[in-house]
């Protein structure tokens with residue numbers, strides 16, 4: 001357990017690294033996809049997707065909720081990928097029995113750092129039940145999935161105690177495309193649209209707020225900036241970003257090929273982005289024999305296994321003849337998925353926190369994003385907090401209480417403060 005916690009700390013402090021290493025095509029090769037069957041619930045024809053509208057609800061099912069006093073559902077809906085093509089997407093929703101009709105809704109973008117599609121939030125509910133049911137049969141895939149769940153389950157539990165419903169989008173998509181932030185924003189906004197159509201959820205006219213930390217903050221920031229044009233009908237009242245990587249090109253060029261105890265997260269990002277951009281950043285054909293073996297073995301892995309399998313590896317030890325700074329096409333894609341280069345801005349109040357001691361997420365870059373938003377949206381209400389925390393992990397803990405206070409105030413309709421615009 002101590003070893004796992006230590007690795008989790010390393011994961012959080014190096015999650016920014018996961019944004020930085022991807023590569024342009026060298027030869028045609030299929031990405032390393034997760035081939036785990038999802039079941040009949042997810043079998044929706046392409047023709048049905050083509051006819052559906054963005055955010056159209058296509059299916060719901062109840063899943064066991066480990067959070068007392070709540071009901072949980074997994075649901076599927078139509079969304080679009082980065083390039084505007086129809087895709088099937090999924091999410092979970094947790095509604096406390098105490099929630100009022102059209103009560104408040106919190107949308108949490110989890111920092112998912114996995115290659116396994118089932119490692120995403122909506123799949124964790126049944127995994128927890130299976131783990132408990134078969135305990136102590138030993139570690140299995142269900143155990144690995146349930147081990148991915150404590151953070152977002154805790155978030156949903158905190159919200160449930162306040163009578164707030166939580167939406168947990170599977171924002172990596174059903175291909176598991178980690179750090180494809182435009183894709184993640186589409187899925188998040190369409191998950192909010194689809195939730196409004198679930199009768200049992202009773203959130204059609206609810207006030208909604210998006211939030212995330214680190215990898216999840218990238219998605220929440222993009223979703224908030226896209227919302228006015230992509231999903232203007234949503235009653236969005238605020239957005240929160242904590243410890244958000246905003247310049248992935250800078251990360252890729254700065255971090256380079258160095259060995260890292262959490263290199264598995266880097267590799268998860270590389271292979272995940274390849275799934276969304278197979279024609280621009282093929283990683284698979286550049287893998288060494290060792291790298292291909294690891295990729296195939298872990299194509300459906302969650303965090304724990306990824307950290308174990310790729311511990312202290314690097315691009316140098318798992319790939320052939322890769323020089324990060326020369327990967328021009330890859331850097332273009334990183335720029336496209338970086339908030340610091342995105343021209344649109346949120347219309348709703350925003351709360352952003354960072355620390356000047358986070359070596360992976362320079363706070364001046366984060367401040368620049370907020371200033372860009374202020375210029376693009378006259379009258380925007382924005383709060384920026386420098387926690388002065390010693391690192392990426394501490395920044396989360398120090399900033400969270402202030403963020404929660406801001407979140408509940410926005411949901412309750414209290415006028416938003418401002419110290420940036």
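The number of residues in segment 350-397 that are part of a loop (DSSP other than H, G, I, E, B), modelled with pLDDT of 95 or more and in contact with a strand residue (DSSP E or B) (Cβ under 9 Å, 6 or more places away or on another chain) comes to 2.
Given the conditions (1) in contact with a strand residue (DSSP E or B) (Cβ under 8 Å, 6 or more places away or on another chain); (2) in a loop (DSSP other than H, G, I, E, B); (3) in contact (Cβ under 8 Å) with a residue 60 or more places away in the chain, which single one is not true for residue 400? For residue 400, the exception is condition (2).
Checking residue 226 against (1) modelled with pLDDT of 95 or more; (2) surrounded by 24 or more Cβ atoms within 10 Å (Cβ to Cβ); (3) in contact with a helix residue (DSSP H, G or I) (Cβ under 7 Å, 6 or more places away or on another chain), only one condition comes out false. Which one? Going through the list (1) modelled with pLDDT of 95 or more; (2) surrounded by 24 or more Cβ atoms within 10 Å (Cβ to Cβ); (3) in contact with a helix residue (DSSP H, G or I) (Cβ under 7 Å, 6 or more places away or on another chain), residue 226 breaks only (2).
For (1) farther than 22 Å from residue 31 by Cβ; (2) part of a helix (DSSP H, G or I); (3) out of contact with any strand residue (DSSP E or B) (no Cβ under 8 Å at 6 or more places or on another chain), each residue gets a yes or a no:
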position: 227; (1), (2), (3): yes, yes, no
position: 246; (1), (2), (3): yes, no, yes
position: 268; (1), (2), (3): no, yes, yes
position: 280; (1), (2), (3): no, no, yes
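Spot the failing condition for residue 420; the list is (1) surrounded by 15 or more Cβ atoms within 10 Å (Cβ to Cβ); (2) in a helix (DSSP H, G or I); (3) in contact (Cβ under 8 Å) with a residue 12 or more places away in the chain, and only one is missed. Condition not satisfied by residue 420: (2).
Checked against (1) buried (at least 23 other Cβ atoms within 10 Å of the Cβ); (2) modelled with pLDDT of 95 or more, residue 87 passes all but condition (1). Out of segment 101-122, which residues are assigned to a loop (DSSP other than H, G, I, E, B) and either modelled with pLDDT of 95 or more or under 12 Å from the mean Cα position of the chain (by Cα) (or both)? Hits for segment 101-122 are 101, 102, 103, 104, 110, 111, 112, 113, 114, 120.
When residue 300 is tested against the conditions (1) buried (at least 19 other Cβ atoms within 10 Å of the Cβ); (2) in contact with a strand residue (DSSP E or B) (Cβ under 9 Å, 6 or more places away or on another chain), the lone failure is (2). When 264, 212 are checked against the criterion of being part of a strand (DSSP E or B) and surrounded by 24 or more Cβ atoms within 10 Å (Cβ to Cβ), 212 stands alone in meeting it. Going by the conditions given, is residue 286 touching a strand residue (DSSP E or B) at 6+ places or on another chain (Cβ under 6 Å) and either under 17 Å from residue 31 (Cβ atoms) or at pLDDT 90 or above (or both)? Taking the combined requirement at face value, the residue satisfies it.
Summed over segment 55-100, the residues that are within 10 Å of residue 194 (Cα to Cα) and either free of Cβ contacts under 8 Å to residues at least 12 places away in the same chain or assigned to a loop (DSSP other than H, G, I, E, B) (or both) give a count of 2. Return yes when residue 288 is touching a helix residue (DSSP H, G or I) at 6+ places or on another chain (Cβ under 8 Å), more than 30 Å from residue 104 (Cβ to Cβ), surrounded by fewer than 21 Cβ atoms within 10 Å (Cβ to Cβ) and without any contact (Cβ under 8 Å) to a residue 40 or more places away in the chain and no when it is not. Criteria met by residue 288. Residue 187 falls short of the stated requirement of being part of a strand (DSSP E or B), in contact (Cβ under 8 Å) with a residue 12 or more places away in the chain, touching a strand residue (DSSP E or B) at 6+ places or on another chain (Cβ under 7 Å) and closer than 29 Å to residue 335 by Cα.
Whether a residue is within 30 Å of residue 356 (Cα to Cα), in contact with a strand residue (DSSP E or B) (Cβ under 8 Å, 6 or more places away or on another chain), crowded, with 23+ Cβ neighbours inside 10 Å and modelled with pLDDT of 90 or more was assessed, and residue 240 passes this test.
The values are calculated or read from the model by the stated rules, or taken from the named source; none is laboratory data. Everything quoted here is computed from the prediction, not taken from an experiment. Neighbour counts are summed over all protein chains in view; Cβ atoms, including those assigned to glycine, are modelled from backbone coordinates with ideal geometry.
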